[in-house]
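Take a look at the structure below.
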Amino acid sequence: MIAFIKGTVQSYGSDWLIVDHGGMGWKVSYAHTDRIHLNEEIMVYTYLHYTEAEMSLYGFESQQEQDLFLRLISVKGLGPKTAMNMLAKASADKIILAVENGDVSVLKSMPGIGAKTASQIVLDLKGKLVPVQNKAKGDTETYPKEIEEACDALRNLGYKQSEISSAADYMNKNPQDSVQKYIKLGLQFLVRQKLGG
């Protein structure tokens, strides 16, 4: 998989851009062409989507946006073009907030999203999109990538966001050298919490 492309904006349209990287022009579907300029240096996080009929490269301005896109296309009946239209219409934070609040009306206001799909998005993704750093006390602390990946693993194991946030604080105070060790440390912390220790 092509994780990202770094190069110069050679040209762009309403929903695509061409990045010149090493003399090759990469055409990328992109939701925010209103924020870019010709000949500027850009780094685009990417997702390669391929079917028997076509191969398309989708681009994102942040890893958070890329992660949200991947989660959106995991929803039954929601394809990459519709997911990109959602990201063009609203910020990743707004979409995440709508999902977490179960706000179907906001999701329905986005292009290509009907009532059935909006409900499916909430059903499939609620509780899975809150970034670790969006904690209840409202601070903006961020964590190393390894800790965020470990928190994703804990989320997949069924732990609540409030539990994961506490575990993330603990992991951050006890640095490890791999994602696996952070997961183990987080699990030990959560088990102790449940046992009242």
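Just so you know, all these numbers are worked out from the coordinates, no wet-lab data involved. Just so it is clear, the structure is predicted and the values come from calculations on it, not from any experiment. When we count neighbours, we look across all protein chains shown, and the Cβ atoms used for this are built from the backbone with ideal geometry, even at glycine.
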Farthest toward positive dipole pole in region 50-115 [+1 Lys/Arg, -1 Asp/Glu at C-beta], among 107, 75, 95: 107
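Semi-axes of the equivalent ellipsoid for the chain, please: Cα gyration tensor eigenvalues, times 5, square-rooted, ordered largest first, whole Å. All intermediate terms of the calculation are to be shown ahead of the outcome.
Details: eigenvalues 216, 95, 42 Å².
With the √(5λ) rule applied to the chain, the semi-axes are 33, 22, 14 Å.
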Inter-site label distance for residue 37 and residue 193 at 7 Å from Cα along Cβ, in nm: 4.6
Estimated distance in nm for a label pair at residue 54 and residue 123, the labels positioned 7 Å out from Cα along Cα-to-Cβ: 2.8
Selected from 179, 19, 44 as most flexible by GNM, with the chain as the system and alpha-carbon contacts under 10 Å: 179
Relative contact order computed over region 35-171 (Cα-Cα under 8 Å; 6+ residues apart), in percent: 15
DSSP-loop GluC sites (Glu not before Pro) across region 1-86, with at most 16 other Cβ within 10 angstrom: 40, 52, 54
Computed [θ] at 222 nm, deg cm²/dmol, the chain (DSSP H ≥ 4; -39,500 (n - 2.57); rounded to nearest 500): -13000 deg cm²/dmol
Distance (nanometres) between label positions extended 7 Å along Cα→Cβ at residue 152 and residue 97: 2.4
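Compute the orientation-averaged projected area for region 74-126 from the convex hull of its Cα atoms and round it to one decimal in nm².
Numbers: hull surface 11.9 nm².
Computed as one quarter of the Cα hull surface, the answer is 3.0 nm².
Which pairs break 25 Å Cα to Cα here: 76/184; 27/89; 27/94; 160/181; 6/145?
Numbers: 76/184 32 Å; 27/89 21 Å; 27/94 27 Å; 160/181 20 Å; 6/145 20 Å.
Long pairs (Cα-Cα over 25 Å): 76/184; 27/94.
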Pairwise FRET efficiency - residue 115 versus residue 89, Cβ, R0 = 22 Å, nearest 0.05: 0.85
